[in-house]
Amino acid sequence: MTFLITGATGRTSAGVVRHLRAAGADVRALVRDREKAEKAFADLDGVEILDGAFDDGDLLARAFDGVEAALLAVGSSPDQIRLEQALIDGAAKARLPHLVKLSSIGAGPDSALLVGRLHAEIEAHLAASGLPHTLLRPASFSNNLLMAAAPVAAAHSWAGAAPTGRVSYIDIRDLSEATALVLRDPALQGGIHDWTGPDAYTAPEVAELLSRILGHAVSYRTVSVQERRSALAALGTPEWFVELRVSLETGAESGQIGAVTTALRELLGREPRTVEEFLTENAALFGAR
């Protein structure tokens, strides 16, 4: 059985490739940068690499040929909607048996999360295509906490606009493992999977965790949404990414990304990785000596 993984060098997709190969499945990796993919999977056999534009019809025809199931995971960008819709159209034209789409917690046209609104538009296109599909809606990634690493390392604090909102962070490694299981098992396909980590934290509670892990006080400073936008823009952050990051904080404050489910634990057959484990593993990035 051959699986197509789009955006295969992305953080989640690269892990999916490795889990599929560990299970003995053949993998076709669709990427934009062949050299990056060859380096990423240099230690793996059984990975076929196709590179090019994700809206190239000829490339998509080759990509979907003979594939039993595919993962749609392009990653956040200003072109995400256009590219994912083009991939959906290519899959429909090729009569792909099943498409698994990596979506987002809180996906919906009125979501407080920018990514939730983007994914909602793509999900609507997928539903209209008639393709058999599965939706994966993970919570916010633990890796997003690394956006606080530089200011914490420099000043033992960071700022944001989410003093009370809880976030049920999911570790990308757990997400990759679970996604590979869904791709391989038809019994898990055809619905919506809402996945979170085992706990939910406010930003001040994350600061308390970091204080214990690093051995010195770490604080979280609350600022207004406009102050947050201005600070990110002053760093040269692209406008679309400013809105994405700010919406993660306003989404947390709205209560949209704090629910904890047991679905990931039940699927993996073990406890998902915790926020404390993630921060401990990455303590050096936060300034640990």
Practice item. State whether one or more residues within region 76-91 are hydroxyl-bearing (S, T, Y) and open to solvent by 20 Å² or more (accessible area, probe 1.4 Å). Key: yes
Exercise for review: Check whether at least one residue in region 135-150 is farther than 25 Å from V275 by Cα and surrounded by 21 or more Cβ atoms within 10 Å (Cβ to Cβ), and report yes or no.
Suggested key: no
Practice item. Could you grab me the full set of residues in region 187-211 that are polar (S, T, N, Q), surrounded by fewer than 21 Cβ atoms within 10 Å (Cβ to Cβ) and either without any contact (Cβ under 8 Å) to a residue 12 or more places away in the chain or over 14 Å from G165 (Cβ atoms) (or both)? Key: Q189, S211
Exercise for review: Select from region 25-38 the residues that are closer than 20 Å to D65 by Cα and open to solvent by 70 Å² or more (accessible area, probe 1.4 Å) and write down the one among them that is nearest to the chain's Cα centre (by Cα).
Suggested key: R32
Practice item. Identify all residues within region 153-177 that are more than 25 Å from G255 (Cα to Cα) and over 12 Å from the mean Cα position of the chain (by Cα); write none if there are none. Key: A153, A154, A155, H156, E177
Practice item. Specify which of the listed residues (Q85, Q80) is within 12 Å of T6 (Cβ to Cβ) and either modelled with pLDDT under 95 or in contact with a helix residue (DSSP H, G or I) (Cβ under 7 Å, 6 or more places away or on another chain) (or both). Key: Q80
Review point. Scanning region 252-266 for residues that are open to solvent by 40 Å² or more (accessible area, probe 1.4 Å) and within 19 Å of the chain's Cα centre (by Cα), which turns out farthest from R166 (Cα to Cα)?
Key: R265
Check your understanding: Quick one: in region 1-24, which of the residues that are over 18 Å from the mean Cα position of the chain (by Cα) and open to solvent by 10 Å² or more (accessible area, probe 1.4 Å) is modelled with the lowest pLDDT?
Key -> M1
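The values are calculated or read from the model by the stated rules, or taken from the named source; none is laboratory data. Note that this is a predicted model, so its numbers are computed, not measured. We place every Cβ from the backbone using ideal geometry, glycine too, and count neighbours over all the protein chains shown. These area figures cover heavy atoms from the full protein model, side chains too; ligands, DNA and RNA do not enter into them. Shrake-Rupley method; radii C 1.70, N 1.55, O 1.52, S 1.80 Å.
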